[in-house]
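Remarks on the structure that follows.
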Amino acid sequence: MRYVSTRGGIDPIDFAEAVTMGLATDGGLLVPAELPSLDAATLRDWARLDFQSLALEVFTPFVGDSIPREELRALIERSYATFSHPEVTPLVTAGSLRVLELFHGPTAAFKDVALQFLGNLFEYLLERSGGTLNILGATSGDTGSAAIYGVRGKARIQIFILYPKGRVSPVQERQMTTVADANVHCLAVRGTFDDAQRIVKSLFGDLDFKSRHQLGAVNSINWARILAQMVYYVHAWARVSGGDPARRVGFSVPTGNFGDVFAGYLARRMGVPIERLIIATNRNDILSRFVASGVYAAEPEVHQTLSPAMDIQLASNFERYLYFLHAGDSARVRALLDDLSRSGQLAVDAEHHAQVRDDFSAASATDDETLEQMRATYAESGYILCPHTAVGVHAARGQGDVICLATAHPAKFNEAVVRAIGHEAEAPPSLQGLFERAARSSELDASVAAVRDQIETTLAEVARA
Ligand SMILES: *Cc1c(COP(=O)(O)O)cnc(C)c1O
């Protein structure tokens, strides 16, 4: 399989190069040049496989000859051995709901499904190339821990995560700072999340610093993340259909950066019998408005909601959809993105808007509606939804038989849970004991110089060790 850029500015590359490149060098996103197509017999065969074996089949055409099959199998086994449920992503029922639980990984949120694999993949590829990678990122609380758990203890990788001191929840801070592996460095910055993000941006913009230290991003747009997320759509379809290709299912997907629902879109384009994909947004509803109007228009600012992992202004994976929507016409994608950066909005034409409405339906939920949904589901079945998942369940109402993706364990968001149902959700084992364990972080001024010094001192120590 070859990969190209949504903006058409790179020569085709293979899977290993695409994973290493992260963001395409022309500023676009990497996408497969073509998609495999699944016939009924293949779907029937795949329906009998467990999660890991299914992942191997789904990945194989996309990985091509970048990784020998047995080595790919070992990477997959290692990645999902850290999940606490034997089915990895079990499908459960809660009253009248079907819920696809994606939160049985080490940080109790769905990003583990992709980041556990990505961490192993990085380690494997670095071992082969003899290189090293120093990951730098800023977090407002939610994604930092999933990135840290993806690469903890991995050879040839160091990770530096900045977070605003005193402004992430105590559980989220502990999830990061209690990781004892020597390659994990948590930097508590005396400032806001915006300060932390500005510092990271500035260090990535310092091209000399960046190349001297092999700096890499947490890679929220890495192709391997999308690939890993395709597996549970097939797995869940198989559980419901028993492998009958005539049986179609729908999914409701709590959406922020459009990575998760885009993986579902690709699975459907490959032939997985998916009837509908519901984009569920909170008050940051740019994607819901796009499906309704064909106009993708940024709002002046991000709204803070009870589902913070979905508080985004522009969805970073949206460009990949634009590319597929316009049948790989990179010139058209570039023109639309130019409109967006010039005027803050882009509009697809009527014919393509009709296609968008065919591809997705969409709905958004306010915080009040989110709490009400958590309350209603608990009253009906005793099942506790996390606020992100509740946005998806709200969006699925009246849409028939739909599988709702549960993107985080409710105990990660107990403030919202208490507001909705009056008591906390019980923490899963991965979230227990966090406050008894030793914690480690370096407190720094919110300045580029302080963070740069800290990184250089740390890397010098690592080199000596
Ligand atoms: C990241 C995240 C989402 C949004 O997923 P995208 O791929 O960004 O659309 C939803 N819920 C939770 C809990 C998340 O961490």
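The table below lists the values:
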{"item": "Restricting the range 181-195 to residues that are modelled with pLDDT under 95 and either part of a loop (DSSP other than H, G, I, E, B) or within 15 Å of the ligand (Cβ to nearest atom) (or both), the residue that is nearest to Q116 (Cα to Cα)", "result": "T192"}
{"item": "Filter result (surrounded by fewer than 18 Cβ atoms within 10 Å (Cβ to Cβ) and either among the polar types (S, T, N, Q) or under 13 Å from S441 (Cβ atoms) (or both)) within the range 179-193", "result": "A180, R190, T192"}
{"item": "Residues of the range 413-443 classified as within 28 Å of I455 (Cβ to Cβ) and among the polar types (S, T, N, Q), total", "result": "2"}
{"item": "Odd one out for V99 among (1) touching a Cys at 6+ places or on another chain (Cβ under 6 Å); (2) surrounded by fewer than 20 Cβ atoms within 10 Å (Cβ to Cβ)", "result": "(2)"}
{"item": "Residue count, the range 7-47 (criterion: within 24 Å of L118 (Cα to Cα), among the hydroxyl-bearing types (S, T, Y) and surrounded by fewer than 16 Cβ atoms within 10 Å (Cβ to Cβ))", "result": "1"}
{"item": "Positions within the range 266-322 being assigned to a loop (DSSP other than H, G, I, E, B), within 14 Å of the ligand (Cβ to nearest atom) and closer than 22 Å to G28 by Cβ, in sequence order", "result": "I312, Q313, L314, A315, S316, N317"}
{"item": "Pairs where the first residue, in the range 309-332, is among the β-branched types (V, I, T) and the second is at pLDDT below 95 and more than 12 Å from the ligand (Cβ to nearest atom), C-beta under 9 Å, 6+ apart", "result": "I312/V302"}
{"item": "Residues that are assigned to a helix (DSSP H, G or I) and either within 12 Å of the ligand (Cβ to nearest atom) or modelled with pLDDT under 95 (or both), drawn from the range 215-240", "result": "R225, I226, A228, Q229"}
{"item": "Subset of the range 325-343 that is surrounded by 19 or more Cβ atoms within 10 Å (Cβ to Cβ) and closer than 15 Å to Q355 by Cα - its residue that is farthest from the ligand (Cβ to nearest atom)", "result": "H326"}
{"item": "Failed item in (1) modelled with pLDDT of 95 or more; (2) of a type in the set (A, V, I, L, M); (3) out of contact with any strand residue (DSSP E or B) (no Cβ under 8 Å at 6 or more places or on another chain); (4) closer than 24 Å to D142 by Cβ, with A327 passing the rest", "result": "(4)"}
{"item": "Hits in the range 191-211 - residues which are basic (K, R) and touching a helix residue (DSSP H, G or I) at 6+ places or on another chain (Cβ under 9 Å)", "result": "R198, K210"}
{"item": "Odd one out for F251, checked against (1) away from the ligand (no atom under 16 Å from the Cβ); (2) of a type in the set (A, V, I, L, M, F, W, C); (3) not in a helix (DSSP H, G or I)", "result": "(1)"}
{"item": "Subset of the range 130-153 [in contact (Cβ under 8 Å) with a residue 24 or more places away in the chain and under 21 Å from R212 (Cβ atoms)]", "result": "G131, T132, L133, N134, I135, L136, G137, A138, V151"}
{"item": "Residues that are surrounded by fewer than 22 Cβ atoms within 10 Å (Cβ to Cβ), more than 24 Å from D50 (Cβ to Cβ) and out of contact with any strand residue (DSSP E or B) (no Cβ under 6 Å at 6 or more places or on another chain), drawn from the range 260-285", "result": "R269, R283"}
{"item": "Options S37, S84, S96; residue that is modelled with pLDDT under 95 and among the small types (G, A, S)", "result": "S96"}
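The values are calculated or read from the model by the stated rules, or taken from the named source; none is laboratory data. Keep in mind that this is a model prediction, so the values were computed, not measured. As a convention, Cβ positions derive from the backbone with ideal geometry for all residues, glycine included, and neighbour counts pool all protein chains shown.
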